[in-house]
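The values are calculated or read from the model by the stated rules, or taken from the named source; none is laboratory data. Predicted, not measured: the structure shown is a model, and the values here were computed from it. Methodologically, a virtual Cβ is constructed for each residue, glycine included, from the backbone with ideal geometry; neighbour enumeration extends over all protein chains shown.
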Amino acid sequence: MYGIVNRAIEDLIKSKFGEESWERVKEKSGVDIDFFISNEPYDDSITYKLATAASEELAVPLATVLNEFGEWWIMKTGKEKYGGLMEAGGDDLKEFLCNLPVFHNRVMLIYPKLTPPEFKVSDIQENSIQVHYFSKRLGLHNFVEGLLSGLGKLYNTPVVVEHIHHRLEEADHDIFKVSW
């Protein structure tokens, strides 16, 4: 993953729990990198180690850390780093979600070595949509749940996110139903 992801984890921990917590997370993770360069790729294992160490340090389940990080990514990182790109995604939540399948195509112009997930949408209703998440990376469905919740907050639209098909259990990808 690109350094911007690891920097966002760092920013989340520092903002909510302080510099000392971040230093303990780094120590527990075994990651000995002082500064993540946003546009440089890093091994995915670094991100997983940081998230796992944050879970241990904060004494919360990893799923909670990933979910919180997903919301943070939208509300903080997305708004600050990709404001124009986020705004171009749509005027409301439904429009943004319908445009989600092409979002990473635009992001790849910024990060050419990116291995992005793929999103598809189906069952588009007046107050709900199903979002299909395909990724070579395992274990990030809680992060995606947080992203979808964060998008609801970004668009001032209360949402319920249901994980209706689990990649590891019954499908080759995850499916989320987002209702508003």
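Computed quantities for the displayed model
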quantity	calculated
Residue within the range 35-44 that is touching a residue at least 24 places away in the same chain (Cβ under 8 Å), in a helix (DSSP H, G or I) and outside the structural domain of Val107 (by TED's automatic domain parsing) present	yes
Selection count where residues are part of a strand (DSSP E or B) and hydrophobic (A, V, I, L, M, F, W, C), scope the range 156-174	3
Matching option when the condition is in a helix (DSSP H, G or I), modelled with pLDDT of 95 or more and surrounded by fewer than 20 Cβ atoms within 10 Å (Cβ to Cβ), among Lys153, Lys177	Lys153
Tally, over the range 142-180, of residues that are touching a residue at least 40 places away in the same chain (Cβ under 8 Å) and farther than 15 Å from Ser122 by Cβ	16
Search result, residues across the range 33-56 that are under 18 Å from Lys14 (Cα atoms), of a type outside the set (Phe, Trp, Tyr) and surrounded by fewer than 21 Cβ atoms within 10 Å (Cβ to Cβ)	Ile33, Asp34, Ile37, Ser38, Ile46, Lys49, Thr52, Ser55, Glu56
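Matching residues to (1) more than 17 Å from the chain's Cα centre (by Cα); (2) aliphatic (A, V, I, L, M); (3) within 22 Å of Lys113 (Cα to Cα):
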| site | (1), (2), (3) |
| --- | --- |
| Ala8 | no, yes, yes |
| Asp11 | no, no, no |
| Glu19 | yes, no, no |
| Pro61 | no, no, no |
| Thr64 | no, no, no |
